[in-house]
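> One structure coming up, written as structure tokens, with questions to follow.
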Amino acid sequence: MDGDETITGLMGRVQAVAERGDSTRLRDVIGALGRDSFIPQLMIPALAVVSPLSGVPLFSSICGITIALVSAQMLAQRHRIWLPRWLLDKQIDSKRLLSATARMKRPAGWLDRITRNRMRVLVWPPVLWVAQALCLICGLMMPFLELVPFTSSILGAVVLLLSFGMLARDGLFTLLGFTTIGGLAIAVTMFVSGGTV
């Protein structure tokens, strides 16, 4: 997947799949995006977690597991994505999926318009590997934070920023992702320590 793909284009592929029937399987979304397209497979579940779909029970956990598996395979430099059958067969109501993609179109278009080739050192190894590892950690955390409001959406936003930086070759988004996860880590540390770091 090169840097010429857009979020709007990716969402258009997901929307086309969702229009085929009453329910949409993860298998169908993977097929539409391409099994060799790792970054889109990372970005779409992150977008879903940020969207209103995150309110569906266990949805954030499924997205987190998907993000973790894709990130791990990116780090391992696999050429094609492998996901377990039980995960590929997970379904979501197509009307909900279409509603979520419709709501995300305007912000997606805005993100596509503001991307530039900036801070490219942040989208190449070794910094790229750090970003992929953070995506893996965020994905692994999502199932454990399912019942804590907004946490999965914040982690999804971090993965979205990092994956968009990889997709668009725009290091500014990678920097924003690092800043967001750093701020979250500080907030959690302060909360655990009773307000003092």
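The values are calculated or read from the model by the stated rules, or taken from the named source; none is laboratory data. Computed from a predicted structure; not experimentally measured. Note that each Cβ is placed from the backbone with ideal geometry, even for glycine, and that neighbours are counted across all protein chains shown. We work out accessible area using only protein heavy atoms, side chains counted, and drop any ligands, DNA or RNA first. Shrake-Rupley method; radii C 1.70, N 1.55, O 1.52, S 1.80 Å.
> Tell me the per residue accessible area of the chain using a 1.4 Å probe; a whole number in Å² is fine.
Value for the chain: 51 Å² per residue.
> Can you pull the semi-axes for region 50-160, root of five times each eigenvalue of the Cα gyration tensor, sorted largest first, whole Å? List each step's numbers first, then the result.
Values: eigenvalues 112, 79, 41 Å².
Values for region 50-160, descending: 24, 20, 14 Å.
> Roughly how many whole Å is it from the C-alpha centroid of region 112-166 to that of region 1-80?
14
> Among the complete DSSP H segments of the chain, which ones combine at least 20 Å of alpha-carbon extent along their axis with a mean Kyte-Doolittle hydropathy of -0.5 or more?
Membrane-span-like by this rule: 59-75, 127-141, 151-168, 171-192.
> Report the normalised scattering of region 6-50 as log10 I(q)/I(0) at q = 0.17, 0.19 Å⁻¹, calculated by the Debye formula with identical scatterers on the alpha carbons.
Ignoring solvent entirely, the Cα scatterers give -0.42, -0.53.
> Residue 93 versus residue 22, label points 7 Å from Cα toward the beta carbon: distance in nm?
The answer from the label model is 1.2 nm.
> Ignoring ligands, DNA and RNA, what percent of the 1.4 Å accessible area of the chain is carbon and sulfur?
Carbon and sulfur atoms account for 65 percent of the accessible area of the chain.
> Normalised by the number of residues in the chain, what is the relative contact order in percent for Cα pairs under 8 Å and 6+ residues apart?
Reported relative contact order: 30 percent.
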